[in-house]
Amino acid sequence: QQQVKQSPQSLIVQKGGISIINCAYENTAFDYFPWYQQFPGKGPALLIAIRPDVSEKKEGRFTISFNKSAKQFSLHIMDSQPGDSATYFCAASRTGTASKLTFGTGTRLQVTL
Amino acid sequence: SAVISQKPSRDICQRGTSLTIQCQVDSQVTMMFWYRQQPGQSLTLIATANQGSEATYESGFVIDKFPISRPNLTFSTLTVSNMSPEDSSIYLCSVAPGLHNEQFFGPGTRLTVL
């Protein structure tokens, strides 16, 4: 099974700080890399996604950095807020595989006051 | 995006029984999927629900245990059959409306098997 490795497993950041979550993939055929945010008792919500033709994508306080040669991508949350406290999942898929997503193991983020 | 609802939102069931989970989407979508999320874990794809044909199951999941129906482009059901406590999980449906591989998830069904 194609894997997506995610780290760290958990993360504590102070309010206003930068949260960084990293993922690495194996399958070079992957060409779509989304991040999902999940609050307790809710389904995952699509947060931001990137394709390998760009090295960075920013939406508000959320930025994805993508390194194709290293097969790594990361999520940066700038000015982290207590409301960002959630579990974050990276994922990957390949065009032509019916959008099947392979998920990372998840990172539980806690933003403290 | 798409608005997805699931029924029931949660249930507590006895060992050996079956539960059918419904997933309704507010628009027609080609691709619909069912995932399992065990407590504190990541998401694992169970199967792709194909409209008008049998579902396509991932390794480790079989039709006898997780029968799926997809009668039209807005609705699907997943049945968890002959349940055991190991089936206690959150079951999520998702859809890919066809735009850039984006996939959207329902709120999930939290199943507890006693």
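A compact table of results
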| read-out | value |
| --- | --- |
| Highest-fluctuation residue, B:Thr79, B:Thr56, B:Thr17 considered, GNM on chain B with Cα pairs under 10 Å | B:Thr17 |
| Estimated Rh, the protein assembly as shown: Kirkwood, alpha-carbon pairs, angstrom | 18.1 Å |
| For B:38-51, mean number of other protein chain Cβ atoms within 10 Å | 3 |
| Extension reserve of the B:Asn82-B:Val3 stretch, reckoned as 0.36 nm per residue once the Cα distance is removed | 25.4 nm |
| Distance in nm between pseudo-label sites at B:Cys13 and B:Ser69 (7 Å out along the Cβ direction from Cα) | 1.5 nm |
| Candidates B:Gln22, B:Gln37, B:Gln14: whichever shows maximal mean-square fluctuation once chain B is modelled as a Gaussian network with Cα springs under 10 Å | B:Gln14 |
| Members of A:Lys42/A:Lys100; A:Lys5/A:Lys42; A:Lys5/A:Lys71; A:Lys15/A:Lys42 lying beyond 19 Å, as alpha-carbon distances in this model show | A:Lys42/A:Lys100; A:Lys5/A:Lys42; A:Lys15/A:Lys42 |
| Spherically averaged projected area in nm², based on the convex hull that wraps the Cα atoms of chain B | 6.6 nm² |
| Shielding by partners, peptide B:11-18 (average Cβ within 10 angstrom, other chains) | 0 |
| Whole-number accessible area per residue in Å² for the protein assembly as shown, which is evaluated in the context of all protein chains at 1.4 Å | 48 Å² |
| Inter-chain shielding of B:103-113 (mean C-beta neighbours from other protein chains, 10 Å cut-off) | 3 |
| For the pair A and B, total buried accessible area rounded to nearest 100 Å², probe 1.4 Å | 1500 Å² |
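The values are calculated or read from the model by the stated rules, or taken from the named source; none is laboratory data. This is a predicted model, so every value here is computed, not measured. Glycine gets a Cβ as well: all are built from the backbone with ideal geometry, and neighbour counts include every protein chain shown. Ligands, DNA and RNA are excluded from the accessible area calculation, which covers all protein heavy atoms including side chains. Shrake-Rupley method; radii C 1.70, N 1.55, O 1.52, S 1.80 Å.
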